[in-house]
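Please read the structure below before turning to the comments.
The values are calculated or read from the model by the stated rules, or taken from the named source; none is laboratory data. This structure is a prediction, so every number in the text was calculated from the model and none was measured. Heads up, the Cβs are rebuilt from the backbone with ideal geometry, glycines too, and the neighbour counts pull from every protein chain shown. SASA here: full protein model, heavy atoms, side chains in, ligands and nucleic acids out. Shrake-Rupley method; radii C 1.70, N 1.55, O 1.52, S 1.80 Å.
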Amino acid sequence: MKTLFELRPIFSALMRNKLGPVLVALQVALSLAVLVNAIYIVNLRLDVAARPSGIADEQEVFRVNIRNQILGGHEDQLALQKREADTIRAVPGVVSVARVNSFPVSRSGSNTSVSVDRKQEVPTATTGMFVSPDSLVKIWKLRLVEGQDFQAGDFSEINPNVKNEPSKTVIVSKALAQKLFPGQSNFVGKEYFFGSGNNANAVTIIGVVDTLQTSGAQATQNGEFATIIPARVTGQIWDGYAVRAEAGQRDRVMKEVEEALRKASATPVHVKATSMEKFRDDRYRSEKGLAWMLLAVSALLVVVTASGIVGMSTLWVAQRRKQIGIRRALGARRIDVLAYFIAENWLITTGGIVFGIALALGLNYVLVGQFELPKLPVSYLLLSPLVFWILGVLAVYAPAWRAASISPATATRGV
């Protein structure tokens, strides 16, 4: 009660001169609303950029693309693929090699719609497809959480110029399995379809990996919907090889693999090796750029808000020099004057915080509706008042201390 009584005259004084306090409170409110949502978006973007691709020890893995993949007929291309894989495998430091059409996070790959019923008009999901005649589970060290890896009889050869029997078995990511069969925990043996209608290709799940991002690595859950198909395909110019190198040898192995493939080719070829690190940097450059931009805006808002509080407090001190001097002459201590200005700023900041929390929730509601972001966690709204209260005290302290240092003799000047 005593504290409330002491705040009442401060509040009354603020009401007699509303414009300055209202402007500062509005500045605090706008800064809080923008800052809370900006920091939240930064954390979301950085969490997305840090997501595991599913590939273990990414720093040891890279992709090799060779631009001579469609020379000759089907049999010629099959032989060429095997020679290229042998050439790569012969380079010192190479642990394993796999032919594959795409890479997680690479932003270049194939996708298709999937359904659990041929009669569906709307597909259940869209999945990224990784097609390989080798074990991606082994080379990428994917973590199988159910079922098994492909066996020799699961792999097929596909000639785009001939109608081939497609593969009937697949390995899927856990996220895709849960999307296809929600509420279930066992997925091996379940059937789903690529596409829909009578001609949809039915496949059976024989294994589930914990995590495998698609080539697009979308920020939404769609970025986790992946399917591995056991097949060797010809006529695909963009297919390449996944290579795992010995620990600490990746950069050297990448260069030597490129050189070995160029020397082994009877005709000039374009060979390009790209590390998983490069894929990740390229894919998440925009997320990190947005995060840094929002952090810069947030820092600027904090500086502007603090400057506004300092400027307004300095003005109030200049306008009240005689009042402060009179109070000092009547026995007010320095600590009393200092506490007065801090309490005054606390009232203004608290008003801004209350309005700012409402604005933050409103802004987040718009962001959730427009950009499908998760709702703002309560923890952000609980921590933000503390930040702005501390900011307010720090910003007003110097002007308040100057006010407390005014000599009582000031009260008699000009009287």
Lys and Arg at +1, Asp and Glu at -1: neighbours of Lys138 with Cβ under 11 Å from its Cβ sum to 0
Would you please put 59-65, 267-273 in order of how densely packed they are, using the mean number of other Cβ atoms within 10 angstrom per residue and starting with the highest?
-> 59-65, 267-273
Out of these labelled values of percent of Cα pairs over 30 Å apart, [x] 39; [y] 59; [z] 51, which was calculated from the coordinates shown here?
-> [y]
Here the percent of antiparallel bridges among DSSP beta bridges lying wholly in the chain, to the nearest 5, is 70 percent
GNM on the chain, Cα springs under 10 Å; top mean-square fluctuation among Asn37, Asn161, Asn101 goes to Asn161
Simple spin-label estimate for Val188 and Leu363 in nanometres, 7 Å along Cα-Cβ | 5.0 nm
Cα extents of the range 222-313 along the three principal axes, largest first, in whole Å?
-> 79, 32, 27
Histogram of C-alpha separations across the range 48-188, 10 Å bin width, % = 8, 33, 38, 17, 3, 0
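Just need the Rg to Rh number for the range 112-211, please, alpha carbons only, Kirkwood Rh.
Over the Cα atoms of the range 112-211, Rg/Rh equals 0.95.
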How far is helix 250-264 tilted off the main Cα axis of the chain, in degrees rounded to 10, range 0 to 90?
-> 30 degrees
In the range 101-169, which GluC sites (Glu not before Pro) are in a loop and have at most 12 other Cβ atoms within 10 Å, using DSSP for the loop call?
-> Glu121
Here the net charge surrounding Asp210, from other residues whose Cβ is less than 13 Å away from its Cβ (Lys, Arg +1; Asp, Glu -1), is +2
Take every Cα pair under 8 Å in the chain that's 6+ residues apart, average their separations, divide by the length, and report that relative contact order as a whole percent.
-> 27 percent
How many nm separate the modelled label positions at Thr112 and Gln218, each set 7 Å beyond the Cα in the direction of the Cβ?
-> 1.8 nm
Cα-based Rg and Dmax for the range 238-395, in Å, come out at 29.4, 100
Using Cα-only point scatterers and the Debye equation, what is log10 of I(q)/I(0) for the range 184-263 at each q in 0.16, 0.19, 0.26 Å⁻¹, rounded to two decimals?
-> -0.96, -1.14, -1.30
What 222 nm value per residue comes from the helices of the chain, counting each DSSP H run with n ≥ 4 as -39,500 (n - 2.57) and dividing by all residues, nearest 500 deg cm²/dmol?
-> -17000 deg cm²/dmol
Could you give the angle, 0 to 90 degrees to the nearest 10, between helix 2-16's Cα long axis and the longest principal axis of the Cα atoms of the chain?
-> 90 degrees
For Ile335, Ile205, give the ranking by accessible area with the largest first, probe 1.4 Å.
-> Ile335, Ile205
Radius 9 Å from Cβ of Asn65, net charge of other residues (Lys, Arg +1; Asp, Glu -1) = +2
By DSSP, what percent of the beta bridges with both residues in the range 123-210 are antiparallel, rounded to the nearest 5?
-> 60 percent
